[in-house]
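Participant: Pasting a structure below so you can have a look.
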Amino acid sequence: MEVEDTFCEAFDGIYVRLIVTAKHRWLLEKAVYGATALPSTVFGESEAGVERWLSPRETPDGRIGAIIQIWVPKTKKFMDVLMRETGKRIRQGILVVPTTRVFNACESDSKIDAETNVGRCGDGYEWEEERWGRRMIIVPIMFGEFAIERFLGYAEGVAGGNVWFFCDSEESALEVGERAVEALKDVEGVITPFDICSAGSKPETKFPEIGPTTNHPFCPSLKGKIPDSKVPEGVKAIPEIVINGVSLEAVKKAMAICIKVGSEVDGVLKISAGNYGGRLGKYRIPLKELVDMD
């Protein structure tokens with residue numbers, strides 16, 4: 001099984017890291033999956049994911065919970081986007097699910113004020129008080145109340161780390177993708193905003209009005225139909241695992257785990273990664289350096 005001598009191209013990003021809790025597991029899952037769905041950074045918005053699930057012993061209020069991350073591109077106006085996108089995902093993904101609460105999980109001196117983009121859902125009837133050893137905003141809602149920590153930390157991390165698996169069938173592609181995503185649940189500080197991504201994109205497009213389009217040289221169904229196909233013989237599916245992490249080291253560790261998982265799955269013919277020749281991303285992560293990484 002070949003690990004291609006290439007590199008992954010990754011980017012700077014800004015993330016908010018939150019703890020979400022709820023009374024029951026089904027409510028927690030509803031809130032967490034709702035708040036982290038639909039990655040949209042390619043449209044100047046945000047993407048998000050679940051870092052890990054928490055037991056009641058690990059949460060501020062002693063209930064089951066999860067750590068999630070919300071990411072936006074690092075641009076000159078990232079603060080405007082971060083405020084808008086964080087507020088949107090919390091308000092429409094979490095606040096509307098009964099019994100949920102939100103706490104800060106990012107140790108950073110840089111913070112956003114949740115009173116501005118979430119607390120005002122109380123239409124001026126919200127209030128602030130000390131609970132669970134934290135400064136909380138209490139928003140009255142029809143079900144009862146929603147509680148969110150007043151100040152939420154944000155920090156700079158590395159987005160867009162990725163690993164590609166060249167597979168001999170759809171079945172092997174799903175198996176290696178599922179196993180890789182499952183293995184990364186034990187890596188602190190990383191998320192997979194797409195989990196198993198089925199459609200890698202490229203910066204060049206014939207239709208810029210709709211955003212990035214399919215990375216056509218790597219589409220198995222186009223092999224033999226286009227002159228610039230880069231799909232090897234026998235490859236039927238190429239799933240991508242996209243990784244965002246709180247540090248370059250966390251992203252490298254996650255990529256190394258993906259490579260190890262890929263080497264253990266029958267039907268994976270080659271492992272590679274996506275890049276744009278180093279033109280767009282600040283970070284180059286050589287795959288060969290990760291093969292023997294602990």
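Where a number appears in this text, it was derived from the coordinates with a stated rule and is not lab data. Computed from a prediction, not measured in an experiment: that's the story for all the values here. When we count neighbours, we look across all protein chains shown, and the Cβ atoms used for this are built from the backbone with ideal geometry, even at glycine.
Participant: So between Asp168 and Glu289, what do we pick up on full extension, going 0.36 nm a residue minus the alpha carbon distance?
Facilitator: Gain in length upon complete extension: 41.0 nm.
Participant: Moving on. Between Lys206 and Ile226, take the C-beta separation as r, use R0 = 22 Å, and let me know the FRET efficiency to the nearest 0.05.
Facilitator: Result of the calculation: an efficiency of 0.95.
Participant: Asp123 label point, 7 Å along Cα→Cβ, cut-off 20 Å on backbone N: hits in the range 53-97?
Facilitator: 88, 91-97
Participant: Indicate the gyration tensor shape class of the range 247-294 (rounded, prolate or oblate), computed on the Cα atoms with a ≥ b ≥ c the square roots of the eigenvalues: a/c under 1.5 is rounded; otherwise a/b larger than b/c is prolate and the rest oblate.
Facilitator: The shape class here is oblate.
Participant: Rounded, prolate or oblate: which fits the range 1-143, taking a ≥ b ≥ c as square roots of the Cα gyration tensor eigenvalues, rounded meaning a/c under 1.5, else prolate when a/b beats b/c?
Facilitator: prolate
Participant: Next question. State the Cα centre-to-centre distance between the range 61-83 and the range 220-262 in whole Å.
Facilitator: The distance from the Cα centre of the range 61-83 to that of the range 220-262 comes to 26 Å.
Participant: What is the spin-label model distance, in nm, from Glu233 to Leu248 if the labels are put 7 Å beyond Cα along the C-beta direction?
Facilitator: Distance between the two pseudo-spin positions: 4.0 nm.
Participant: Could you list, bin by bin from short to long, the percent of Cα-Cα pairs of the range 21-79 in 5 Å steps?
Facilitator: Using 5 Å bins, I get a P(r) of 4, 19, 23, 18, 13, 11, 9, 3, 0 for the range 21-79.
Participant: Please identify every one of the GluC sites (Glu not before Pro) in the range 86-149 that sits in a loop by DSSP and has no more than 13 other beta carbons within 10 Å of its own beta carbon.
Facilitator: Glu107
Participant: May I pose another question? With each pseudo-label sitting 7 Å past Cα toward Cβ, what's the Lys74-Phe151 distance in nm, one decimal?
Facilitator: Output for this residue pair reads 2.3 nm.
Participant: I would also like to ask the following. Between rounded, prolate and oblate, where does the range 115-228 land on the alpha carbon gyration tensor, with a ≥ b ≥ c its root eigenvalues, rounded for a/c under 1.5, else prolate if a/b exceeds b/c?
Facilitator: It comes out prolate by the Cα gyration axes.
Participant: So if R0 is 51 Å, what FRET efficiency would Ala199 and Arg25 give, r being the distance between their Cβ atoms, rounded to the nearest 0.05?
Facilitator: 0.95
Participant: Quickly work out the Glu188-to-Met142 label distance, labels modelled 7 Å from Cα along the C-beta direction, and quote it in nm with one decimal.
Facilitator: Label-label distance for Met142 and Glu188, simple model: 4.2 nm.
Participant: Additional query: Given (i) 144; (ii) 183; (iii) 116 as candidate values of volume of the Cα convex hull per residue in Å³, which corresponds to the one derived from the coordinates?
Facilitator: Recomputing volume of the Cα convex hull per residue in Å³ here gives the entry labelled (i).
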